[in-house]
Every structure is written in C-alpha cells, then in structure tokens.
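The next block holds one structure in the form of structure tokens; read it before the comments.
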Amino acid sequence: MKPSILILFWVLTSHLASAQIALKAGATYSYQKSNENTSSQLAADIPSLFVFLGESRYFEAGFDALKFSNTRSSSGPTIRDYETVVSPFFEYGFIKGNTDNALKFKIGAKATLNNNFSGYSPRYSVEYPLSTYESTINLAVKPGLLYAVNEKIFLDFVVPINILNAGYYRSNLENPAIPIRQQQQSSLRSAFFPETYQVSLGIIYRPG
C-alpha cells in the first residue's frame, strides 16, 4: 500500500470521533519568476474536502489540477494533440486560537503529486510524434488565518511557502533517423524554495 494512502488512513481513523466534514472552494493568485520570464495567474480552485479534526487540527484533500484533453484536427500542423494532468494533494495542519475567537491562526504541511502526460502527432513528415511525461512532488508550508463567519461558514486566507519541487521528466521523439536511445531522454529535476509566490482565499462550508 502506498505511503500516502497509509497516512490518509491514519489521519482519518485516529480522529474519526471528532471529525466534521466540510467543503472548500476558492481562488488562488500565483506569481512565478524564472531566469527567462515571469508569469502571473488568478484561477479558481477545484473544490476540495476539508475535515475539522476537533477544535485544533484539520485535514484537506483534493486536486490542484485535473485536465483531460484529446484534440483531433482535420487541418493544421498536427493530427492529434493530447494532455492529461492529475495533481492530487494532501494537507494536514493545526488551528491555534481561543475557542471563543472568530479569528484563528492556522498552519499546515501540504504535499502535491503532479503527473503530466502530453504529446502530439504531426501531420507532415518534416516533424515526428513527440510524447512527454513528468511526475513531480511539491512540498509546502501553509500559514494562514481562519475566520468563522458563523458556525457553518469560514473564510480561509493562506500564503503558501513552497519548500521543494522535485521530480522526473521523460520525452520520446519517434524519429527513425536517430538511434532509439537518443529518441528517449530523461532527467531528474529539483528546486528548493522555487520562486513561486501564491495567495489564496477560500470559503469553507460545514453542514450543521
């Protein structure tokens, strides 16, 4: 059994008696800087499962990205373009503050598993089919504030701090003119404290 599943099972079963299930939706602003360029994006988050584990702990699980694309074209440079992105995440953290206070401090640790499959089939013989696969893990610390609007609705403001991004990349270019070993390329990549800055605001609904 995978370690992530074992951790999830332990978290849920060890706090099952005090667990309160909620749903979370929101948006995240991201700013990324590299040696070559910079980019910024404001996007809605995929709704996630948020579980209150008593008054002082929480668990969250969902997807940072989920995409399935398969395009076939009767014209243009490619016959087929495809991409699949699946990025589940798991987060566990603590909520600190007086029970009577509506505003509390929270901090969590988050692990995201990113999997990306993509490729294309060219229409013309001057190019060759290309497929790529990338699998990475991102570790982050997520300090923030949790504000209870009432007993059912909470506002969740978070400023994630990305600690590590590491993974494996592989590509395959089906060019018969070169040896098979040269058609396939792979590499390991890692970056500590990558220059990706984020701010997110979420709304948590806990059914009564």
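The values are calculated or read from the model by the stated rules, or taken from the named source; none is laboratory data. On a predicted model such as this, the values are computed, not experimentally measured, just so you know. Please note: Cβ atoms are built from the backbone with ideal geometry, for glycine as well, and neighbour counts cover all protein chains shown. The area values use the complete protein model at the heavy-atom level, side chains included, leaving out ligands, DNA and RNA. Shrake-Rupley method; radii C 1.70, N 1.55, O 1.52, S 1.80 Å.
With the requirement that a residue be touching a Ser or Thr at 6+ places or on another chain (Cβ under 7 Å) and farther than 15 Å from residue 156 by Cβ, what does segment 41-60 give you? Quick ask: steps written out before the conclusion?
Quick first cut of segment 41-60, residues touching a Ser or Thr at 6+ places or on another chain (Cβ under 7 Å) only: 41, 43, 45, 53-55, 60.
41, 43, 53, 54, 55, listed by residue number.
The rows are residues; the columns are (1) modelled with pLDDT under 70; (2) open to solvent by less than 60 Å² (accessible area, probe 1.4 Å); (3) in a strand (DSSP E or B); (4) within 21 Å of residue 94 (Cβ to Cβ).
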position: 4; (1), (2), (3), (4): yes, yes, no, yes
position: 7; (1), (2), (3), (4): yes, no, no, yes
position: 11; (1), (2), (3), (4): yes, yes, no, yes
position: 36; (1), (2), (3), (4): no, no, no, no
Review point. So, in segment 50-82, of the ones that are acidic (Asp, Glu) and more than 11 Å from residue 120 (Cα to Cα), which residue ends up modelled with the lowest pLDDT?
Key: 55
Review point. All but one of (1) under 20 Å from residue 137 (Cα atoms); (2) in contact with a Gly (Cβ under 7 Å, 6 or more places away or on another chain); (3) at pLDDT below 95; (4) not aromatic (Phe, Trp, Tyr) hold for residue 18; which doesn't?
Key: (1)
Exercise for review: Return the residue satisfying two criteria in turn: it lies in segment 130-156 and is touching a Gly at 6+ places or on another chain (Cβ under 7 Å) and assigned to a loop (DSSP other than H, G, I, E, B), and of such residues it is least open to solvent (accessible area, probe 1.4 Å).
Suggested key: 152
Review point. Can you find even one residue in segment 103-112 that is modelled with pLDDT under 95 and either open to solvent by less than 80 Å² (accessible area, probe 1.4 Å) or of a type in the set (S, T, N, Q) (or both)?
Key: no
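Can you spot a residue in segment 173-184 that is under 22 Å from the mean Cα position of the chain (by Cα) and either modelled with pLDDT of 95 or more or over 25 Å from residue 44 (Cβ atoms) (or both)? Before you say what the answer is, go through the steps one by one.
Start the filter on segment 173-184 by keeping residues that are under 22 Å from the mean Cα position of the chain (by Cα), which leaves none.
No.
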Point to revise | Residues located in segment 178-208, provided they are charged (D, E, K, R) and more than 21 Å from residue 128 (Cα to Cα) | key: 189, 195, 206
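Taking the conditions exactly as written (of a type in the set (A, V, I, L, M, F, W, C), assigned to a strand (DSSP E or B) and more than 21 Å from the chain's Cα centre (by Cα)), does residue 107 satisfy them or not? Walk me through it before giving the result.
Values: of a type in the set (A, V, I, L, M, F, W, C): yes; assigned to a strand (DSSP E or B): yes; more than 21 Å from the chain's Cα centre (by Cα): no.
No: the conditions fail for residue 107.
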Practice item. For segment 56-83, name all the residues that are loosely packed, with under 15 Cβ neighbours inside 10 Å, touching a residue at least 24 places away in the same chain (Cβ under 8 Å) and out of contact with any Lys or Arg (no Cβ under 9 Å at 6 or more places or on another chain). Key: none
Exercise for review: Being open to solvent by 60 Å² or more (accessible area, probe 1.4 Å) and not in a strand (DSSP E or B) is the filter here, so list the residues in segment 164-208 that pass it.
Suggested key: 174, 176, 177, 179, 180, 181, 182, 193, 195, 207, 208
